[in-house]
Structure formats: structure tokens, C-alpha cells
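The values are calculated or read from the model by the stated rules, or taken from the named source; none is laboratory data. Note that the structure is predicted; figures quoted are calculated from it, not measured. We place every Cβ from the backbone using ideal geometry, glycine too, and count neighbours over all the protein chains shown.
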Amino acid sequence: MHTQTSFQLNLKNGVINMTETYDITIIGGGPVGMFAAFYAGMRNAKTHLVESLADLGGQVNALYPEKTILDVAGYPAIQGRDLITAQRQQLAQFPLTIQTGTPVTNLQRIVEGFAITTPKGITHSKTVIVAVGNGAFAPRPLNVPNVDDFIARGQVSYSVPDKEQFRGQRVLVAGGGDSAIDQALMLESVAESVTLLHRRNTFRGLEHMVDVLHQSSVTVKTPYLIRNLAPTADGAVDVTIKTVGADTEEHVIVDKLLISYGFTSDYHVIEGWDLAFERDRRLIAVDSTMMTSVPGVFAIGDGATYTGKQPLIATGYGEAPIAVHQIMAAYFPDKRGPIHSTSLREG
Ligand SMILES: Cc1cc2nc3c(=O)[nH]c(=O)nc-3n(C[C@H](O)[C@H](O)[C@H](O)COP(=O)(O)OP(=O)(O)OC[C@H]3O[C@@H](n4cnc5c(N)ncnc54)[C@H](O)[C@@H]3O)c2cc1C
């Protein structure tokens, strides 16, 4: 079951005050954008957080809410969903304006700051923090003719919002990256059986996790591709798989199919924002203060890059206060900048 939160965020979906000018607008409500919004709240900045997906939490919430994350400081182990719930609670301490389901389509410099365009209107902000991760993302689809019928029946899915839905089921996970391995191992504890199918003989996942996979009860089938889905007489899914490089086919009968082919990210609109990118990797270049090539626009999290950058949650959490403090010092010098969070609250 999803954890229910007992607090209210200042959600203003669909209703924005067009005359409002924010101190800081944060584009992207993943874990890093959320932490930046919290930190901006700590600095009493008038803050607007805009997220294209219906929910906050970025990749963590959308792609691996059930995964146990081991490398966030202060948590020996925490599920993705619980981390985002904790961040929501942290955010709820401040009267921020948060808009979900609102993709930012344009970012333009105006006389005093920036105009931020979304399908719901235009807002103004003195400064901007871009925390867009890999762009507005969507799962990479399984391309077989009748896949939508199985999605509608809940037998094919692209994420695991609740692993209880897989309890006692025969599950086929398709994919070869970290995400597919994580999901297969996560479902091992609840499913009747888990098969992991990959089109190559080697996995792209972390070596340690590949070792854990091979020691687990997960049946690993390589190198195979999914060719067709058909319903069985008793309501299961007959998955036709084909050996890569040969014409042999097999059938795997399962109750649920989890497609973990990664995700496509739509960076198209962001590329038009006139920031300096590392073009090959579609990452926004920033300096040591997280400022982009455009003064007043900062970038943090997976979408920002510099020498030595590691795209991790912990890295982005560190970048958020750097950007916020830099903005406050450079654009709002009258606001005193305490050193520690406790003095921020008391001051
Ligand atoms: C399977 C998997 C497992 C992982 N495991 C770990 C782990 O164990 N530990 C770890 O540290 N990291 C892990 N990561 C990486 C971690 O998830 C990322 O580092 C983290 O999510 C980056 O956060 P972010 O806020 O920068 O970006 P994201 O999480 O990508 O969030 C960016 C948000 O911006 C939104 N957005 C994009 N474009 C727009 C727009 N134009 N307008 C409005 N909103 C927009 C997106 O919809 C998204 O919600 C994992 C990643 C994956 C895929």
C-alpha cells in the first residue's frame, strides 16, 4: 500500500498568480529539486517549484519507489517511496508554491529576471534553478502489437508502484540494467517466481548486484527478445520470446510482465533554453556555484555537470544549498545568510 501523508502541501495546480514574481523558481520536482525548494524555504525565499509529472519525487518515485536505497546519508537503508515521503514532510514546513502536472516549456530572460512558460500560464522569477534530471521522462515501451490490451488489464507495467500487486504471481522482468536487476530481486521476496529476460548475455548493472542476481532464485534467460503476447485460456500471459541471433522461439507463461527497458527523456524543450550544454550528454554545464552560462540560472542534480560529477541523490543534495546560498548572496544580499540550518530557523 502507498504510504498516506497526513500533511498538506501548498499545491496550486492550475491556478497561478500571473502577477507574482518569485525569488527562486525551481524547475523539476525530483529529490534534488525538492531539497532545493526546502532549502530556499529555509532562506525565506519566495519559492515556486514546478514539476511536469503528476507527483513529486522524480526518478525515485516514478521508477523505483520500492527499491531500498543504501547511499543517502543518515539512512542505513530507506525505500525510495519513504525517502520522497520524508522530503515531502520536510517541504511542508514552508509556504512554498508547488505546481505538479505542469511542464515548463520555455524559459526566457526578461528585464527583471525570467519568464517561465507552462501550459497553465507564465510566471516570473528573479532567479531559476533547473533541476530537470534527464528531462521529462517516460518509460521506454515494449513494442509488440497488442501491448496496450495487457497494460489495460494490469498484466504489463513499466514500474512497481506497489510490490504487493506481484505477490504470489509468476513474473517476467525484461531488461538488462540496474533497474531491471533491482526490480527482479525486489520481487523475488513476494512473487511465486521471477524470470529476468535480457537481450544480451551480459548485464549492464553494478557488478555486485549481478553477483547477487546469480545467487538468487531469479531465473535468468539470455539472450532473448520478446516477440509477442497472447492471453492464455486461464487468463495468464503467453510471452513468445526469440533467441537473439537465431530463429528459435520459446514460450514463457506468466501472470505479470514488468518492462524495465529504461526510460526516454524529453530534453527537446530544455535544449531551447539557451544554456550551455555538454551536447553529447545533454547535460547543463555549471561552475562551482552551480551557475549555468546564463547569469541567474543555476542547474543542479542529474541534469547538471562539471568535472568529476556523479549523478547520485547525495551529490544533488549537496548541490542544492550551494545554488541557493549563491543566489541569496548574489541576488538578495540584504538577507543574512546563517551558516547552519538551526540558526536559519532561529534567526
Ligand atoms: C533504477 C535506478 C536506481 C537508482 N538508484 C540510486 C541509488 O541507489 N542511489 C542514488 O544516489 N541514486 C540512484 N539513482 C539515481 C537517482 O535516482 C538520481 O541521481 C536522482 O533521481 C536525481 O535527482 P534529480 O532531482 O536531479 O532528477 P530526477 O529524479 O530525474 O527528477 C527530475 C524531475 O524534473 C522533471 N522535469 C524534467 N523536465 C521538466 C520540465 N521541462 N518541466 C517541469 N519538470 C520537469 C522530471 O519530470 C523529474 O520529475 C538511481 C536511478 C535509477 C534509474
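Has region 310-320 got any residue that is within 16 Å of the ligand (Cβ to nearest atom), among the aromatic types (Phe, Trp, Tyr), over 21 Å from Phe114 (Cβ atoms) and at pLDDT 95 or above?
yes
Got a sec? Which strands (runs of 3 or more DSSP E) wholly within region 42-157 have at least 1 residues that are of a type in the set (S, T, N, Q) and within 11 Å of the ligand (Cβ to nearest atom)?
The qualifying strands (runs of 3 or more DSSP E) are 97-99, 106-110, 113-118.
Residue by residue through region 11-41, note down the ones that are away from the ligand (no atom under 16 Å from the Cβ) and either at pLDDT 95 or above or hydroxyl-bearing (Ser, Thr, Tyr) (or both).
The answer is Thr19, Thr21, Asp23, Gly41.
Yes/no matrix, rows are residues, columns are (1) buried (at least 23 other Cβ atoms within 10 Å of the Cβ); (2) of a type outside the set (A, V, I, L, M, F, W, C); (3) in contact with a strand residue (DSSP E or B) (Cβ under 8 Å, 6 or more places away or on another chain):
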| residue | (1), (2), (3) |
| --- | --- |
| Tyr158 | no, yes, yes |
| Phe166 | yes, no, yes |
| Gln169 | no, yes, yes |
| Leu172 | yes, no, yes |
| Gly175 | yes, yes, yes |
| Ala180 | yes, no, yes |
| Gln183 | yes, yes, yes |
| Val190 | no, no, no |
| Ser193 | no, yes, yes |
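Pick from Val50, Val72: which is within 18 Å of Thr315 (Cα to Cα) and not small (Gly, Ala, Ser)?
Val72
For region 166-268, which strands (runs of 3 or more DSSP E) that fit wholly inside it have 1 or more residues that are farther than 25 Å from Gln59 by Cα, of a type outside the set (Gly, Ala, Ser) and more than 16 Å from the ligand (Cβ to nearest atom)?
170-174, 219-221, 224-231, 237-243, 249-254
Touching a residue at least 60 places away in the same chain (Cβ under 8 Å), more than 30 Å from Ala152 (Cβ to Cβ), of a type outside the set (Phe, Trp, Tyr) and not assigned by TED's automatic domain parsing to the domain that holds Arg199: does that describe Val297?
yes
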